[in-house]
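Written below as structure tokens is the structure these notes are about.
The values are calculated or read from the model by the stated rules, or taken from the named source; none is laboratory data. Because the structure is a prediction, the values reported are computed rather than measured. Glycine also receives a Cβ, built like all others from the backbone with ideal geometry; neighbour counts cover every protein chain displayed. Note: areas computed on protein heavy atoms with side chains; ligands, DNA, RNA excluded. Shrake-Rupley method; radii C 1.70, N 1.55, O 1.52, S 1.80 Å.
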Amino acid sequence: MQLYPRALLALMLLTCLCPAQGRRRRSEPKPLEHLTWQTRSVESKALGGEIQFCYLAPKYLMDGETLPLVLWLHGMRKDHTEFYRRGGASVVDKMVGSGAIPRVIFVTANGRRSFYTNGFQGGLWEDMVRKDLVAEAVANLQASKDPKQHGIMGISMGGMGALKIAMKHPEEFAAVATHSAAVFPEDPAELSGRLQQAVKWLGRDVGYGDPIDPKIWARENRLNLALNLDPEKVG
């Protein structure tokens, strides 16, 4: 199945509307009719150990059939199970069943509180997402190996991570969609007092440094990446 970038982006923007995060009340997820939801683990070269992830896929796939791949990154203090527990998987299941969106392989990463950043507590969390999870989905979940069939999305911390990864590696993803992703100024000196403190707090995990290292900031900050993105590399 071929799903080209505009259609892939439309699918992801629709999926962003799923109740994946933000509600305080939780109800039991509805049974899935058209898709299956499973938790798996993969040996991550980037992290030097095993990492868990979840995925949504059609209940029946033909031999040799491949589908577009969407990676979903969770927010802070959440995990790879959140999309299912908050009802997102049920919404995607219903949309696939009605034909509102095409069938896809939908993988939810476990990024802990890494901000999906290489160097967090010695791990290469960005590489875990873009290398290990993509390779696993292609090898074992019948996801397409064509980057033009790959999208990445996220919410809050995951939205920041999705933007960063997509802009750092535009040749690897055809579409990116985010919800509630913070965007900081190009120059960290322009941060307000409250944001300065917040970024310093985050920096203990992400490794911006204290004071903030401008080189690390430029490498990881979404606005800096967008301003320096080569349009020729964007599909």
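Close amide H contacts of S144 (hydrogens built in the peptide plane, cut-off under 5 Å, sequence separation of 5 or more or a different chain): L67, L69.
Are there trypsin sites (Lys or Arg not before Pro) in segment 48-91 that DSSP puts in a loop and that have at most 13 other Cβ atoms within 10 Å, and which ones?
On the way: sites: K59, R77, K78, R85, R86; in loops: K59, R77, K78, R86.
Passing sites in segment 48-91 are K59, R77.
Applied to segment 101-118, the Karplus parametrisation 6.51 cos²θ - 1.76 cosθ + 1.60 on θ = phi - 60° returns per-residue 3J(HN,Hα) values of 9, x, 6, 9, 9, 10, 10, 10, 7, 9, x, 6, 10, 7, 6, 6, 10, 5 Hz, with x for Gly and Pro. Taking only protein heavy atoms and a 1.4 Å probe, the accessible area of segment 62-141 is 50% carbon and sulfur. Surface exposure of segment 91-235, expressed per residue as accessible area with a 1.4 Å probe, stands at 46 Å².
Listed peptides 161-167, 142-148, 94-100 appear in the order 161-167, 142-148, 94-100 once ranked by packing, highest mean of other Cβ atoms within 10 Å at the front.
Could you tell me the calculated FRET efficiency between E65 and S192, based on Cβ-Cβ distance and R0 = 41 angstrom, to the nearest 0.05? Mind showing how you got there, number by number?
Details: r = 51 Å, r/R0 = 1.24.
Here the calculated transfer efficiency is 0.20.
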